Every structure is written in structure tokens, then in C-alpha cells.
Amino acid sequence: MTPAIQMLCVSCDDTLQLAMERLQVGGKGIALELDAEARLVRVFTDGDVRRLLLDGTALDTPLERLPTRPFRSAPAGTTPGQALTLLDRYVIDHLPVVDTAGRLVDLFQRRDLSERIFLSSPHIGQDEQGFVADAFQTNWIAPLGPNVDAFELEMAGFLGIGHAAALSSGTAALHLALRLLDVGPGDRVFCSSLTFVASANPILYQFATPVFIDCEPESWNMSPVALEKALAAALRANALPKAVMVVDLYGQSADMDPLLALCERYGVPMIEDAAESLGATYKGRQSGTFGRLGVFSFNGNKIITTSGGGMLVSDDPDLITRARHLATQAREPALHYEHVEVGYNYRMSNVLAGIGRGQLGVLDQRIAARRGVFDKYREQLREVEAIHWMPEPEWSRSNRWLTTATLAEGIDPARVIHQLARLDIEARPVWKPMHLQPLFAGAAYVTHGDNHDCSATLFGRGLCLPSGSNMTAAQVERVADALRRALASA
Ligand SMILES: *Cc1c(COP(=O)(O)O)cnc(C)c1O
């Protein structure tokens, strides 16, 4: 028992007055009465004391004379996750822990246990500060610098791809990818519908027209069936797209072989939006290395972060050289400032690249942790038939950036999300597909099946659970418990 808990204890021959003082001084909203053998015999809350006083009990009454009242306790060995479940079930804020002889050994408090659990919060490692400190010591804060060069080389090395350009965001990388493929006003770009809006916004930056492509139920990613339908129709209309933007959703690669074969057959380059899938593989090869250009994000919620940043990768050195040029205001090599085309301020700073180098060093651990979170959810909720986890086809090794699932028909994910929110747990629906967004009202959309809008179905039934690599086992357990109860009452 800790001194802080000892401060809350009174004995049977103490008075009600002392119990009130302990309540006051302990500041935890509880006092605990122990007998001569240190067994817990009574729990006082403010409400209990108020009731006794209203009943006319005198302040100098010895506690042993008070009528007994039942109280909740938990056995030694109770985990924090189990404790929180009990607090929720009994609608109480304190749970004393007693050994087999009934002696007080610990006290769980809601305040300590119910820290908010986020969907995906940043998880910084040991080495980032060293790289950042180097940047400060050499006064190489911005722009560019040795951390940027090293981060690009290390990313390219990790991915097994020729070239990489570190940028200010994943969105910036996507925008440059479109520019590099000459996408301009009036051009068409095919794009996964089930994604975050950042995949599609740059199409509008270039005044091009998006055509949205449905996903397939096997991977939740772009359906080769839908892409084939869309390309065949575009060819007939003499309106082939300038690029196909394929998203690797929630950490899982799309089915690249058939998608790439289609892009090749129709002569359309692929941009791979791998913002969520760094470290995932498709048939053993790194996600993000399949398209003519690949894009990663280091936003705060991604599997590794630079606080904000992105990377554009390609095997074509000319594309990446040109990307660096466009990302630095398209400044020509002249002593004065000479410009012949429009450019952007899209490069990553040397300080943030330092964070990225440290994060890349622990990427494998982060993937193992996220996959571990998923495994724990699946294990703890294996008997819950209403949950169907996002599938992982045999050709895929997902980084499980987010643990996602669909709920059985008839269960409203929004209701479940609200119920979890009341317990300080952040869950989210699956991305609202782009073809359902007011921003893209009227955009063309090609479905997977003739009468089957797979993206809309996943949106209607999908749920994303807290999945951070820094979640404790007790936190995963707490979410699983809360979800089980929310579904039981749904
Ligand atoms: C996060 C994300 C992006 C954008 O990356 P930023 O670095 O936030 O600009 C693009 N596409 C997808 C699918 C994403 O999840």
C-alpha cells in the first residue's frame, strides 16, 4: 500500500470527524476504514458522510458504531483494464483492491485509469532529439541540410527505390506528382473514392477533373474490376485519364498486379498514395514503390511522423530532380532570381528531417506494435460475431496503421462511436468516400459491381479503433471491453 493510500485510512475506533478529515486531506473523494487486522471494512465517500450527518449522526461517533454498508472491491491481481470495466459497470469512481484475507492492498481510481485514448497519436523514440540537436548545433535549421539529404537516402534505401524527395507534406507530394505527370486544366485523373480528401484535393489544385473508382471488398482498395470498366469506357469516349491515383488504405497495399497491368495496357501512369502504408508490403515488396511516383506522409497521426511532412519517391531520377526544383519555387540556376514556370515552397526543413531519421529507425517496431494492437483486439473480441475485421489478403502484409472493421448490418457505427466517446475513447467512421462528398458533387464514379457500391457499404458499416503504437495492453483491453458492451446494447 502506498503512503498516498495510507493517508486515506482510518481505524474502527476513530470518529466520523476523522473520516471526514481524511476525505478532505486525501483529496481523492474517498476514505477507507480498516479494522485491527488491516482488513477493509467500510468505504466513505462525500455522499456517505452527508447522509450520516443528515440522519443525525454525531461527529464524535466511533466508526464501529455506524451501521454497516456494503461496498465494491476487487481481488488482488486485478488489471487496470479490468478495474476500469468494474468502475463502469458499478458506476463508481473508486475501487479498493483487497487480498484473500480482505486486507487493503491498492486503490484504483477512475481519474488515473480513464485517460483519453486517441485514435492514433504521435510516438517519439530515443534518437530523434539527437538528430534535431545536431541541426541546432550546426545552426542548420532551414532550409534543407544534411538531415534532409540523409533522410531521403535512408528512405530510398529502406524502400528499395532509386530516389526520394523530402517535402513539407504528403499533400504537397501528391500535388507535385500530378504536376510531374503534366496534369492540367481539363485533364481527367482516376482516383480511389474510399480515401482521405488529401488524395483528391490536388486534382482540383490542377483544375483537372476527378473520376472516382470504387474499392473491392477483398482489400478495401481500388477494384481492378471497376478500374477496367472505367478505362474501357474512357477509351471509347476518347477521354483516357492523365494518371490513376491508387490509395493504399489504412496501411494495406492495393492489389497492384492487376491494377498495374491495366495501367500499362492503357498507357496511363499510376501515382501511388501510400501516405498510410509505409512499411507495408505487397508480395514482399514495399508499399509505395509500385507507381511511376509514390507518396508518403509524416503527419502527426501517421505510423511515423516528422510532426508534418511528406516524401515523393520514384525510380526515375529525372522526376525526383524536377520535383526538388518545383518544390523550391522553381528557381533557375542563375545568380539573380530567375523563374520560367510556377513553383512551390514545398521542401522539408532540416530540423523536421532529423525527427524523420529517428522515426525511420524505429519503423519496424512501430509496425510490430500496431499489428500487435490489432492482434489483441481480434483475440479479445473473437467471440463477438458483429465485428468483421478489415481483411488482409494472402499477398498483403499490412502495417495495420488503423485497426478497422465493419459492423453487422443494422448496427449504426455512429451510435457505437458516441458510446465510446462518452468513455473518453476516440473511434471514427471509415473515410467518407469522395463520390459522396459535397465537394465532388457531380463527379463521375465507377462501381465495383453493377449494383454494388463497395465504398458506400464500407462507409455505412465501418469503424476505426484507437491503434497508436504507444497504446498499453490495458488500454486496448479497455477499448475492447467498451466496444463489447456498446455492441451488446446496440
Ligand atoms: C494523411 C494522408 C494524406 C495527406 O498527407 P499530409 O501529410 O497530411 O498532407 C494523403 N492521403 C492519405 C490517404 C492520407 O491518409
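Results, tabulated for the structure shown:
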read-out	value
Boolean, Leu465 is in contact (Cβ under 8 Å) with a residue 40 or more places away in the chain and exposed (fewer than 14 other Cβ atoms within 10 Å of the Cβ)	no
Matching residues in region 168-188 - criterion: being within 16 Å of the ligand (Cβ to nearest atom) and over 23 Å from the mean Cα position of the chain (by Cα)	His175, Leu176, Ala177, Leu178, Arg179
Lone unmet requirement of (1) more than 18 Å from Leu293 (Cα to Cα); (2) assigned to a loop (DSSP other than H, G, I, E, B); (3) acidic (Asp, Glu) for Glu276	(1)
Matching residues in region 388-411 - criterion: being within 27 Å of Lys283 (Cα to Cα), out of contact with any Ser or Thr (no Cβ under 7 Å at 6 or more places or on another chain) and not in a loop (DSSP other than H, G, I, E, B)	Trp389, Thr404, Ala405, Thr406
Residues satisfying the stated conditions in region 247-258, i.e. surrounded by fewer than 24 Cβ atoms within 10 Å (Cβ to Cβ) and either under 28 Å from the mean Cα position of the chain (by Cα) or within 11 Å of the ligand (Cβ to nearest atom) (or both)	Asp255, Asp257
Failed condition for Asn301, given (1) more than 13 Å from the ligand (Cβ to nearest atom); (2) in contact (Cβ under 8 Å) with a residue 12 or more places away in the chain; (3) surrounded by fewer than 23 Cβ atoms within 10 Å (Cβ to Cβ); (4) part of a loop (DSSP other than H, G, I, E, B)	(1)
Number of the condition not met by Phe44 [criteria: (1) surrounded by 13 or more Cβ atoms within 10 Å (Cβ to Cβ); (2) more than 17 Å from Arg69 (Cα to Cα)]	(2)
Selection count where residues are exposed (fewer than 10 other Cβ atoms within 10 Å of the Cβ) and closer than 18 Å to Leu32 by Cβ, scope region 55-70	3
Subset tally (residues that are part of a loop (DSSP other than H, G, I, E, B) and among the β-branched types (Val, Ile, Thr)) for region 455-487	1
Lone unmet requirement of (1) within 19 Å of Pro70 (Cα to Cα); (2) free of Cβ contacts under 8 Å to residues at least 12 places away in the same chain for Pro3	(1)
Residue in region 222-232 that is closer than 15 Å to Met270 by Cβ and within 16 Å of the ligand (Cβ to nearest atom) present	yes
Condition met for Ala330 (small (Gly, Ala, Ser) and farther than 22 Å from Glu154 by Cβ)	yes
Of residues in region 304-320 being more than 14 Å from Ser168 (Cβ to Cβ) and in contact with a strand residue (DSSP E or B) (Cβ under 8 Å, 6 or more places away or on another chain), the one nearest to the ligand (Cβ to nearest atom)	Val313
Residue in region 376-387 that is nearest to Ile304 (Cα to Cα), counting only those that are in a loop (DSSP other than H, G, I, E, B) and of a type in the set (D, E, K, R)	Arg382
From the options Ala353, Ala405, residue that is in contact (Cβ under 8 Å) with a residue 40 or more places away in the chain and either over 26 Å from Tyr205 (Cβ atoms) or of a type outside the set (A, V, I, L, M) (or both)	Ala405
Residue within region 225-246 that is buried (at least 19 other Cβ atoms within 10 Å of the Cβ), in contact (Cβ under 8 Å) with a residue 40 or more places away in the chain and under 20 Å from the mean Cα position of the chain (by Cα) present	no
Pick from region 43-68, criterion touching a helix residue (DSSP H, G or I) at 6+ places or on another chain (Cβ under 7 Å) and charged (D, E, K, R), ranking: nearest to Leu95 (Cα to Cα)	Asp46
Pick from region 263-303, criterion in contact with a strand residue (DSSP E or B) (Cβ under 6 Å, 6 or more places away or on another chain) and acidic (Asp, Glu), ranking: nearest to Gly251 (Cα to Cα)	Asp273
Matching residues in region 189-221 - criterion: being within 14 Å of the ligand (Cβ to nearest atom) and on the phi > 0 side of the Ramachandran plot	Trp220
Of all residues in region 264-273 being part of a strand (DSSP E or B) and in contact (Cβ under 8 Å) with a residue 60 or more places away in the chain, the one that is nearest to the ligand (Cβ to nearest atom)	Asp273
Residues satisfying the stated conditions in region 274-295, i.e. near the ligand (Cβ under 9 Å from one of its atoms), within 16 Å of Leu402 (Cα to Cα) and of a type outside the set (S, T, N, Q)	Ala274, Ala275, Glu276
Hits in region 49-104 - residues which are among the charged types (D, E, K, R) and over 30 Å from Gln419 (Cα atoms)	Arg50, Arg51, Asp55, Asp60, Glu64, Arg65, Arg69, Asp99, Arg103
Failed condition for Leu319, given (1) assigned to a strand (DSSP E or B); (2) surrounded by fewer than 23 Cβ atoms within 10 Å (Cβ to Cβ)	(1)
Wholly enclosed helices (runs of 4 or more DSSP H) of region 40-151 bearing at least 3 residues in contact with a Gly (Cβ under 8 Å, 6 or more places away or on another chain) and in contact (Cβ under 8 Å) with a residue 60 or more places away in the chain	128-137
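Throughout, read-outs are computed from the coordinates displayed, never taken from laboratory work. Only a predicted model underlies this, so the values are computations on that prediction, with no experimental measurement involved. Positions of Cβ are backbone-derived with ideal geometry, glycine not excepted, and every protein chain shown enters the neighbour counts.
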